[in-house]
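Working notes for the structure below.
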Amino acid sequence: MFHAASSRRRAPLPPAQSSASGVPGPRAPQSPQSGKQRDAFFDNAKYLAIVLVAIGHAWDPLKGGSRALEGAYIVVYAFHMPAFIIISGFFSRGFDLRPGRLKRLITGVAVPYIVFETAYPVFKRVVGEDPGYDITLLDPWYLTWFLCALFLWRLSTPVWGMIRWPLPVALGVAMAASVSPEIGDDLDLQRVLQFLPYFVLGLCLRPRHFHLVRRRSVRILSVPVFATALAMGWWAVPRMDTAWFYHRDAAQELGVPWWVGPVMVLAMFGCSLVLTACFLAWVPRRRMWFTALGAGTLYGYLLHGFVVKAGVYLGWFDHAWLHRPLGGLFVTALAAAGVTLLCTGPVRRVFRCAVEPGMDWAFRRDAAEAARERRTGESSGDRGKSETSGSVPENERNDRARRETTRV
């Protein structure tokens with residue numbers, strides 16, 4: 001009998017496969033604060049990318065006097081924003097037009113855009129002593145273009161999910177924008193469209209693709225690739241306009257024939273992907289001392305611009321010793337330390353009202369969500385009542401049994 005019963009038992013399930021290192025598993029432990037799994041690899045990548053963004057902005061006032069620094073500046077600008085945008089696209093794959101997602105898009109992207117697009121011109125008026133600079137929400141200034149672009153990219157996410165060949169179509173849009181100076185500066189649409197393929201690529205990627213670039217062979221190969229890129233950057237300094245890396249102008253606006261625009265879009269897309277893969281290959285996959293800072297990269301991005309612009313307005317970069325090699329190293333270290341500080345918890349708590357406002361008061365409650373909460377509350381209440389009602393007879397039976405035992 002026991003043999004027959006054991007033969008009818010289900011076969012044991014196969015052992016769960018461990019997820020690729022650095023990629024969230026299906027049952028990975030969750031963060032107690034957010035309830036969501038945060039992957040150390042992506043937080044590390046975001047932090048290191050934002051450090052490169054801040055270093056690039058700090059190099060901008062110094063690069064004119066050093067060919068080596070300007071060559072390094074070209075290399076950094078070739079991949080630091082593409083890497084950041086690809087990761088943003090990867091984490092936007094689940095975006096749809098449900099009310100909760102739209103609410104987070106408004107509070108996490110649109111509202112910070114309005115706040116900082118107002119704050120930066122005011123800062124320029126006060127610190128930069130430029131009273132004639134107007135405040136406008138149609139012409140993103142300095143860093144705020146990324147928020148404008150991210151808002152438009154995420155709204156378009158459902159469209160890219162419907163298209164059969166999203167990346168070729170996005171590249172075609174970027175190539176068409178590069179020959180269309182009529183687009184103008186409103187909402188910085190040139191940048192929005194020319195950087196679009198990187199966001200769409202992020203939408204198309206899956207965790208296994210990030211696992212591929214973290215192989216040991218890719219890590220070893222990335223060293224000579226980066227060395228070659230630095231040499232090419234040094235060679236390109238007197239021969240190439242660095243404005244190509246900003247993706248904010250059409251080919252005609254840069255003084256070249258129109259056909260150069262599409263060629264440069266494809267060439268720079270290929271170079272950016274290679275350098276981004278090399279960058280990701282060296283991103284640590286385990287938790288590091290800076291991993292937690294990856295959750296605050298938007299704070300570092302939006303706030304470090306005030307420090308850099310204050311240095312420009314107040315003449316901090318005018319000291320001659322800063323234009324020497326040791327001065328460049330000092331500015332690099334200072335920029336990395338400064339943006340690291342701006343990503344920390346205390347700074348995030350102070351500026352959360354501007355970068356991540358709650359704003360529940362501004363939105364009507366979703367009827368479906370309210371109904372789900374009511375059903376959950378009612379089911380919990382019913383369970384509590386049944387448990388309570390079931391405990392009274394049991395207690396009475398126990399008291400009766402004790403009395404009978406005492407009597408005997």
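Values quoted throughout were computed directly from the atomic coordinates according to the rules given, and no laboratory measurement underlies them. Keep in mind the model is a prediction, meaning the values are calculated, not measured.
Listed values, structure above:
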| item | result |
| --- | --- |
| Gyration tensor (alpha-carbon) shape descriptor, the stretch 35-186, a/c threshold 1.5 | rounded |
| Whole-Hz couplings from phi, Karplus 6.51/-1.76/1.60, listed for the stretch 188-197; x for Gly and Pro | 6, 5, 4, 5, 4, 7, 6, 8, 4, x |
| Amide H contacts under 5 Å for S180, placed H, 5+ residues apart | A251 |
| Nonlocal amide H pairs with R38, under 5 Å, H built at 1.01 Å | S31 |
| Cα gyration tensor shape of the stretch 199-336, rounded if a/c is under 1.5, else prolate or oblate by comparing a/b with b/c | oblate |
| Share of Cα-Cα pairs in the stretch 88-149 lying beyond 18 Å, as whole percent | 45 |
| Computed over the stretch 37-364: relative contact order in percent, which uses C-alpha pairs under 8 Å that are six or more apart | 33 |
| Kirkwood-Stokes translational diffusion coefficient of the stretch 137-275, alpha-carbon pairs, 10 °C, 1.306 mPa s, µm²/s | 96 |
